[in-house]
Structures are given as structure tokens and as C-alpha cells.
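So the structure is just underneath, and the comments pick up after that.
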């Protein structure tokens, strides 16, 4: 069995690299091809890449561990939150954002609010996605350690190198085409797993742990705050995720972008929730075959002990696929945001500066400057992600904190910028972003646990906030950001004015010698 | 290390000013507009040229409308437009303050085609602030341009 799993994973990884390298010829030295796939993703590609991007190691491995330990809603909150995000994005944001011809999400903040807002938004996004990358590399490292026989560090370096190679060469084209394979593998593995378990062991739901126990969503003693916060942080907070929006920008039309979000949302539930159901049955399955999970991830034990090798390979490939697809999107999205929105490289027409006079060098002749800089930025981003994975023990806690900070600071300016642009001033956006984000950081320092994980990094002892407060900061911080945004917006909308965008996302100038408007 | 300095003044050399004035006169009574292409010189913005932009407003004698697209020069730049009615203020109107999405805005007051006043404004943290506008002679000395309240 070990040999089949080993070679099955090796073949899968080689296919990913091969596909990535093969489609890299589509880049043609153009950053628009590289970052948003030439804005030409048709519906199947756009939907598959959104689905694959939303499912990561958290939504599969993390999901099963949380479900087995705390019940259905603790684990299923992850895929359900991600699916909610894609659904809301499809409903409210995909069409207008696709129409604006943006390349990265911070571009919106620049057009609507200006350069300072753009840089702050980009830095928050880069930090949160570096941690997301680190979290997925951790999962890949453990998986390689268990099933390929590497050390954890070797596993992290190996999976980092694989993602780096095909993302560096093929950009979003490579990401999208490999995502299709990854989505199909993950879908097949997930469905096959639940069918196999149902037919051979039966679905057993321990009392009080199943989806019908809504106490997990209403009773704080059963973790309701944390479960609801997970759904809210992912469902609302991920709307400002650079990787999702990059795919929305890459769709070939606003209608395709919207449909892809809806399809991706459904796919996320179809792939993710079966893992929760299987995890509920894991206790009875393992006891029926006389095995204890011990310290190891429940899913890994199930795959090693309770299912045939072909199914284990399929499911493991699905989990690796989830890590790869989220990791590649994180590397590409953060590198592009760093190059374009932090460093300010956006002259798409200029030629690459690192190409030597004879056309040699690491970049092709004709590569534009943004393409070149994005590729260069991938090196530090990948190293940073691997560093987080290997050196920072609290990656999981920092990850949820980073996404909470993004939720608290970035969502309100995006929503008002699109749907209430006449009051969305730059001072309001800046004030809302900073107060929302710092409020969340303040709670991090004051509350002893973050999503159930003890805060051993930076906790200020106090008698006001106890562990029972955990989960609430996810809601409070964005509300504080919203209140400050509205206050400053109404105070400045007449004296400062707003940047108005037309239907295509271009800023409009209206000046008038006379005041009647 | 040198700290970044805020822009305190706009300088318009004589030849750029003449070219601006000609555009305003040519398009009168339509409101004329465009961008001053600038360079930083310490705490001053010095205009190096100007890029006229067509007025897309339905009522071009009372409004100036356009979109910010590839015609706009790189930063630093100053958006300018003319007020062509005697009833108009020489400074910014409420519409100007609310709907000009630029860091710097120059208002040219030209009620009978001749430019009588040059007033430049800069977006602050919460509101617009006025900056002095100077002309520049060939010997590089500067002098204040006409400013009406």
C-alpha cells in the first residue's frame, strides 16, 4: 500500500509540473496573460479554478479534525464559509469587479481611494496570504512526511518548490489548468470516500455532534461564537481575498465571472462537506477495526487503515491538490500585489529590465516590467511562506488573525466603494481600515484564545476578556470599522468629495463653474 | 536620509502659461480642461507641459467632464479646468471639491476668454487646501500669478 501511495503521489505531482510548464507558452511576455490569464477564462476553467482555490488543507484536513473533535458545524463551517463567500461574491461583486478591468484587488482601492489606501490594502492582503501559503505548506509538509517518507522540513521545501516552479513559469494560466485537474481529483476523491464509507461502514453520527444539533450555532458553551465567526470570517472576509478576485478579473465576461462563483460555491460544498460527514463516523469506523487515532490527523489514520489503497491515493491526491491550488494562487496573488500595488510597477507596455541585450537572462525578451517584477517577487514570497511553515509554530492562529484583520479593515471600503460611492471618501476608507484592523489586533492581544487556540504569542493578562469572548472580535472589529467609516464619510463627503468610477471602473472627473448639480 | 517634502507651491513657466491661456481662449465659452505635466523641484511642482483633454459634458459651458484614462500623464500632475461664466467663483465650487478625483486642481477663471486668475488646490487629509501659484521667467525667477477671490 505504501508503494502505491508513494508512486501515486509522485505521478500526480509530476503531472502538475508538466501541465504548468506546458501552458506557460501562453504567457507570451505579457503581464495581463500572466496575472489574469489574458482575461479570457471560459466558464469551466473559471469555475474550476475558483472551486480549487477555495478548498485548501483547512477545508479538508482541518475540517475532519475539527468535526471529529467538536462536531459537524465546527468543521463544516470551513467549506460552508468559503462557499458562502463565493456565493456572495457572485451575487454582488463578480459582475461589477470583472467589468472594471482590474489586475489585482488593491487596484480597486487605488482607483476609488488613492495610492495610500492601495498600499495599506495591499500590505494587509500580502501578509494574510503569506500566512495562508504557510498554512497550506504545513499541511503539505506533514502529508509528505507521512506518505512519502520525507522529514517535515523536506516536505515543506519540496511542495514549495513544486508550486513555485509551475506558478513562476505559467502564472494564472498554469494555475487555472492545474486547478481543473485538482478540482476533478478532489471532487472524485471526496465523493468516492463518502460512498465507500457509507457502503462499507455506514454513516454513524454520534449524539449531539451532527448537523441537526443547531446548538453548535446558538449555544456559546458548544462553541457557537467560534463556529459563527468562522463562517462570517470566511463568508464575508474572503470577499476581499486577492486570489478569488484575481479569478473574477480573469473571467472572459462579467456573466462568466458570476456563474463561475456560483458553480465554485456549489463545488466547495460538494467537496468539503463529505469530509465532515466521514469525520463524524471516524470514531465508530476506527473502533470497529480496533485502531486509535492518537496524535495523528483523523483522516490520515482512516486513509491508512480503513480504505483500500486506490481510494487513499485518490483522497490524498485531492488533499495535495487542495494545498497546491491554494498555494499557487497565494504565491501569484501576493507577488502581483507586491509588484503592482506596493512597488507601483504598472507600466504594462514597458520591456523587462532584467533581459540582457542579447535577449538572454532569466526572463524572455519582450517580458514587460510588471511581469518581470511579479516573477522576481515570487522568490521572497515563497521563501516567506516556507519560513512561516517551518519556523512559526502558530501559523494556524496567525492565519485566522490575518484574515480577521482583512475582514475588519477591507470589506467596508469595498462594499461602499461599489454600492454607495457618493459617500465613500478616501479619509473614510483610511479611517475605517485602520480602526477596524487595529481593533481586531487589540482584541488579539487581550483575549486569551483565538478560535480556540491559546494565544502564547502576545497576550496581555486582564480580567475583562475571558476565553468565552473568543469569536466575538471577528464581529465587533468590522462593526467598529463600519461605524468609523460612516462617521468620517458623512463628515467629509462635502468638503473632500469622492472619486467616482464609471461602469468600466475608470475615474470620472466632473468640474463645474456653477454649483447646481 | 531625506524626508519627503510636501508640495507647497505650483510654478508655471511662461511658455506653458501662454499655451494654457491660448487653449482657454480657443475653447471659450466652453470650459477647457486637461493636465499639467509636472516635475518635483524640492517643495514645488513645476509644470513642464500641458495635455488638453476634450470636454465630454452635455452642457460644456457650465461643466467640464472627462474620464481619467491613458491621456492623463504620469504623476506628478495637476488637473486644470476653466470657469467661463462671470457668475462663477474664481476658486473651487462644491462640484469641483466633490468630483475632481485628483491630488491637485488648478482653476483658471476666464469669464470673457482671458484668464484673470490662477488658483491651485491640493487635497489634504480631510479637505482641500490652496497653494500659491507662481509664474517663472526665463531667468528662473518666480512671481505670483493673478489670483481673484
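The values are calculated or read from the model by the stated rules, or taken from the named source; none is laboratory data. Bear in mind that the values here come from a model prediction, so they are computed numbers and not experimental data. Please note: Cβ atoms are built from the backbone with ideal geometry, for glycine as well, and neighbour counts cover all protein chains shown.
Brief remarks follow.
- Residue match in region B:139-149 (condition: in contact with a strand residue (DSSP E or B) (Cβ under 9 Å, 6 or more places away or on another chain) and within 11 Å of chain A (Cβ to nearest Cβ)): no
- Matching helices (runs of 4 or more DSSP H) fully within region A:178-258 where at least 3 residues are surrounded by 23 or more Cβ atoms within 10 Å (Cβ to Cβ): A:224-235, A:242-250
- Out of B:14, B:90, B:32, B:57, sole residue that is surrounded by 17 or more Cβ atoms within 10 Å (Cβ to Cβ) and within 17 Å of residue B:145 (Cα to Cα): B:90
- Among (1) part of a loop (DSSP other than H, G, I, E, B); (2) more than 14 Å from chain A (Cβ to nearest Cβ); (3) surrounded by 20 or more Cβ atoms within 10 Å (Cβ to Cβ), the one test that residue B:47 misses: (1)
- For region A:148-161, the set of residues classified as touching a residue at least 40 places away in the same chain (Cβ under 8 Å), surrounded by fewer than 20 Cβ atoms within 10 Å (Cβ to Cβ) and in a helix (DSSP H, G or I) consists of A:152, A:153, A:157, listed by residue number.
- Some residue of region B:62-72 being more than 7 Å from chain A (Cβ to nearest Cβ), surrounded by fewer than 19 Cβ atoms within 10 Å (Cβ to Cβ) and modelled with pLDDT under 90: yes
- Test: residue in region A:438-458 that is more than 11 Å from chain B (Cβ to nearest Cβ), buried (at least 20 other Cβ atoms within 10 Å of the Cβ), in contact with a strand residue (DSSP E or B) (Cβ under 8 Å, 6 or more places away or on another chain) and free of Cβ contacts under 8 Å to residues at least 60 places away in the same chain: yes
- Some residue of region A:343-354 being within 28 Å of residue A:157 (Cβ to Cβ), modelled with pLDDT of 55 or more and assigned by TED's automatic domain parsing to the domain that holds residue A:115: yes
- Failed condition for residue A:502, given (1) surrounded by fewer than 18 Cβ atoms within 10 Å (Cβ to Cβ); (2) in contact with a helix residue (DSSP H, G or I) (Cβ under 9 Å, 6 or more places away or on another chain); (3) within 14 Å of another protein chain (Cβ to nearest Cβ): (2)
- Residues of region B:35-44 include none that is without any contact (Cβ under 8 Å) to a residue 24 or more places away in the chain, over 26 Å from residue A:505 (Cβ atoms) and either surrounded by fewer than 17 Cβ atoms within 10 Å (Cβ to Cβ) or facing chain A (nearest Cβ under 9 Å) (or both).
- Restricting attention to region A:505-517, the residues that are more than 7 Å from chain B (Cβ to nearest Cβ) and in contact with a helix residue (DSSP H, G or I) (Cβ under 7 Å, 6 or more places away or on another chain) total 1.
- Apart from one condition, residue B:81 fits all of (1) within 12 Å of chain A (Cβ to nearest Cβ); (2) surrounded by 21 or more Cβ atoms within 10 Å (Cβ to Cβ); (3) closer than 24 Å to residue A:424 by Cα; the exception is (3).
- From the options B:112, B:56, residue that is more than 15 Å from the chain's Cα centre (by Cα), under 13 Å from residue A:508 (Cβ atoms) and more than 8 Å from chain A (Cβ to nearest Cβ): B:56
- Residue A:497, sole failed condition from (1) within 12 Å of chain B (Cβ to nearest Cβ); (2) within 29 Å of the chain's Cα centre (by Cα); (3) under 22 Å from residue B:79 (Cβ atoms): (2)
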